[in-house]
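Chemist: One structure is given below, represented as structure tokens, and several questions about it will come after.
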Amino acid sequence: LYMRLPSGRAIPYPGARIQVVVPKWGGEQIGITVMKSAWHPKKDAAWETWPRVSLWPGLAIENACQSICADLLRLGLRRAKAAGLRVNFHVHDELGIETPHPERDAIKLHALMTERPPWPGADMLPLRAEFGAGFRYKVEFERPVTVA
């Protein structure tokens, strides 16, 4: 089972099965279970011994949301590199560049990060970004850059 993202990338859900699941609130229902990927079996364990987790709609939406955000960050990194910006680091959803022209390049990076991706449905993404310039990384900038 794969979840296809708007970017075209796919999230794999290994060993998917339709079976009876017991939700936390009790009762039984038909659901989808997949092999739990954050768990490591013993070294000699067979494939069938991996634990299973229910793929409920909330988990699927959470996976999609985080994966789309990761795709947006990767797109921003590629765009920054193609524009000649020197990306030194990224932290979660932030990019840090080193430049002799911080105000000019901060505006350039902001434009690249908020440009809509070429994916189906991208016109519905609420892309916004705060930006600024400083001599070291910090969450809030002493001298925010403004777009004229």
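Chemist: Could you tell me which numbered condition Ser7 fails, if it satisfies all but one of (1) out of contact with any strand residue (DSSP E or B) (no Cβ under 6 Å at 6 or more places or on another chain); (2) part of a helix (DSSP H, G or I)?
Modeler: (2)
Chemist: Ok, one more. Within segment 109-138, work out how many residues are at pLDDT 90 or above and part of a loop (DSSP other than H, G, I, E, B).
Modeler: Counting residues in segment 109-138 that are at pLDDT 90 or above and part of a loop (DSSP other than H, G, I, E, B) gives 6.
Chemist: How many residues, within segment 120-130, are touching a residue at least 60 places away in the same chain (Cβ under 8 Å) and within 23 Å of His90 (Cα to Cα)?
Modeler: 1
Chemist: Give Trp25, Trp50 a once-over and let me know the one that is at pLDDT below 90 and surrounded by 14 or more Cβ atoms within 10 Å (Cβ to Cβ).
Modeler: Trp50
Chemist: Which of (1) modelled with pLDDT of 95 or more; (2) not in a loop (DSSP other than H, G, I, E, B) does Gly84 not meet, given it meets every other one?
Modeler: (2)
Chemist: Here is a follow-up. So which of Glu62, Glu115 ends up being open to solvent by 80 Å² or more (accessible area, probe 1.4 Å) and touching a helix residue (DSSP H, G or I) at 6+ places or on another chain (Cβ under 8 Å)?
Modeler: Going through Glu62, Glu115 in turn, just one is open to solvent by 80 Å² or more (accessible area, probe 1.4 Å) and touching a helix residue (DSSP H, G or I) at 6+ places or on another chain (Cβ under 8 Å): Glu115.
Chemist: Inspect all residues belonging to segment 36-49 and state whether any of them is free of Cβ contacts under 8 Å to residues at least 60 places away in the same chain, of a type outside the set (A, V, I, L, M) and part of a strand (DSSP E or B).
Modeler: So far as segment 36-49 goes, no, none of its residues is free of Cβ contacts under 8 Å to residues at least 60 places away in the same chain, of a type outside the set (A, V, I, L, M) and part of a strand (DSSP E or B).
Chemist: Which of the residues belonging to segment 45-98 are charged (D, E, K, R) and closer than 30 Å to Gly31 by Cβ?
Modeler: Scanning segment 45-98 gives Glu48, Arg52, Glu62, Asp71.
Chemist: Determine whether Arg79 is open to solvent by 50 Å² or more (accessible area, probe 1.4 Å) and either farther than 30 Å from Tyr13 by Cα or out of contact with any Pro (no Cβ under 8 Å at 6 or more places or on another chain) (or both).
Modeler: no
The values are calculated or read from the model by the stated rules, or taken from the named source; none is laboratory data. All of these numbers come straight from a predicted model, not from anything done at the bench. Positions of Cβ are generated from backbone atoms using ideal geometry, with glycine treated the same way; all protein chains shown enter the neighbour counts. Surface areas here come from the heavy atoms of the whole protein model, side chains and all, with no ligands, DNA or RNA. Shrake-Rupley method; radii C 1.70, N 1.55, O 1.52, S 1.80 Å.
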